[in-house]
Amino acid sequence: MKCLVVGGAGYIGSHMVKHLVRAGHQVLVADTAAARPGIPWVGLDIADAPTLDALFAEYRFDAVFHFASFIQVGESVADPAKYYQNNVAATLTLLQAMVRAGIQTLIFSSTAAVYGDPQRVPIDEDHPKSPINPYGRSKWMVEQILQDFDRAYGLNSVCLRYFNAAGADPEGLLGERHEPETHLIPLILQAAAGRREAVTVFGRDYPTPDGTCIRDYVHVTDLVSAHALAVDYLMAGGASTACNLGNGQGFSVQQVIDTARQVTGREISISEAPRRAGDPPRLVADASKAKALLGWQAQFASLEQIVSHAWNWERQYPWH
Ligand code: UDP
């Protein structure tokens with residue numbers, strides 16, 4: 001297959017690129033940042049329709065993987081225009097260019113944030129969609145656009161709703177780094193490595209057993225394998241759909257810190273802070289649809305594996 005990976009220089013996108021290259025596919029990364037050395041990369045803003053048209057005319061892609069989006073909830077509240085512009089408007093430009101070029105297969109990075117405050121846990125795909133911030137709304141808008149594009153233009157898509165993406169390439173070649181870093185596991189491991197003084201726990205007064213928030217952490221390599229299965233599913237004639245990706249098991253912030261203490265053998269200092277706005281107490285996936293429909297099976301479902309792969313990366317590449 002010829003694959004375009006939009007956002008292929010980022011955390012999950014770079015792991016996808018590695019998987020596709022290993023599987024023998026031809027891959028081009030389109031990203032505003034440079035891809036890993038050795039991977040063909042075009043510096044591209046997907047809001048640029050003429051450049052997209054030229055790219056699609058030159059390479060006849062069989063499938064597009066779309067990972068490029070802004071992902072910070074707090075920032076999306078403070079600057080919603082940035083999120084609607086990049087996550088929705090620019091994505092619409094990409095989708096229109098795909099339709100013009102006759103590319104009919106898209107795998108889209110969506111999120112558990114489309115559900116908003118859960119009415120029931122574990123959350124299945126039919127759970128009502130009522131995102132509570134512009135980030136979640138931007139992803140849900142794209143999902144709805146994709147439903148309409150399928151009906152009108154025959155653009156087939158699988159939207160994969162990630163719960164908490166975490167971990168790193170088991171071979172140690174890739175890992176997670178955001179600037180600024182806001183995600184729990186990298187922040188904990190930076191504290192373990194002495195790169196920051198402490199990790200802040202946002203709230204101990206949640207209605208959970210230890211009072212801290214519960215999340216469903218899913219290994220980035222398992223996310224990637226779901227994308228590969230999703231593209232096979234569409235290529236085999238599967239209908240457009242959306243699937244949750246999670247392990248169906250929740251861990252509290254305190255449990256993640258305790259696991260990191262075990263895995264690293266280091267002291268990890270904690271500082272306490274009030275709840276972060278917009279954080280529901282408990283988010284856990286019902287991912288049975290991905291298993292039944294795509295044949296997805298998580299390979300690295302344990303929190304110890306997720307944290308230990310992330311720790312290998314943290315120690316190997318502390319300057320990243
Ligand atoms: N969290 C925390 N301290 C931090 C970062 C995150 O206590 O410095 C908590 C956050 O409140 C949430 C969980 O860790 O309950 C996971 O947060 P993250 O930002 O990693 O992912 P999100 O759930 O927002 O997608």
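Of all residues in region 238-276, those satisfying the criterion of being surrounded by fewer than 21 Cβ atoms within 10 Å (Cβ to Cβ), in a loop (DSSP other than H, G, I, E, B) and not charged (D, E, K, R) are Gly238, Ala239, Ser240, Gly248, Gln249, Gly265, Ile268, Ser269, Pro274.
Conditions (1) surrounded by fewer than 19 Cβ atoms within 10 Å (Cβ to Cβ); (2) within 13 Å of the ligand (Cβ to nearest atom); (3) touching a residue at least 60 places away in the same chain (Cβ under 8 Å), marked per residue:
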site: Pro280; (1), (2), (3): yes, yes, yes
site: Leu283; (1), (2), (3): no, yes, yes
site: Lys291; (1), (2), (3): yes, no, no
site: Phe300; (1), (2), (3): no, no, yes
site: His309; (1), (2), (3): no, no, yes
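Give the residue that is surrounded by the fewest Cβ atoms within 10 Å (Cβ to Cβ), with candidates limited to residues of region 177-198 that are among the acidic types (Asp, Glu) and more than 10 Å from the ligand (Cβ to nearest atom). Before you say what the answer is, go through the steps one by one.
Let us first name the residues in region 177-198 that are among the acidic types (Asp, Glu), namely 179, 181, 197.
Imposing the further condition that a residue be more than 10 Å from the ligand (Cβ to nearest atom) reduces the set to 179, 197.
Values: Glu179: 6, Glu197: 10.
Here the answer is Glu179.
Note on region 216-258: residues that are touching a Cys at 6+ places or on another chain (Cβ under 9 Å) and within 17 Å of Glu143 (Cα to Cα) total 6. What about Arg215, is it within 14 Å of the ligand (Cβ to nearest atom), in contact with a strand residue (DSSP E or B) (Cβ under 9 Å, 6 or more places away or on another chain) and touching a residue at least 24 places away in the same chain (Cβ under 8 Å)? Yes: the conditions hold for Arg215. Restricting Gln96, Gln119 to residues that are surrounded by fewer than 18 Cβ atoms within 10 Å (Cβ to Cβ) and assigned to a loop (DSSP other than H, G, I, E, B) narrows the list to Gln119.
Can you name the residue in region 110-120 that is within 14 Å of the ligand (Cβ to nearest atom) and over 17 Å from the mean Cα position of the chain (by Cα) and, of all such residues, is nearest to Pro280 (Cα to Cα)? Walk me through how you get there before you give the answer.
Filtering region 110-120 for residues within 14 Å of the ligand (Cβ to nearest atom) gives 110-118.
Of the ones still in play, those that are also over 17 Å from the mean Cα position of the chain (by Cα) are 117-118.
Values: Asp117: 6, Pro118: 8 Å.
It comes out as Asp117.
FYI, it's all coordinate maths here, none of it is from the lab. Not measured: the values here are computed from a predicted model. Note: ideal-geometry Cβ built from the backbone for every residue, glycine included; neighbour counts use all protein chains shown.
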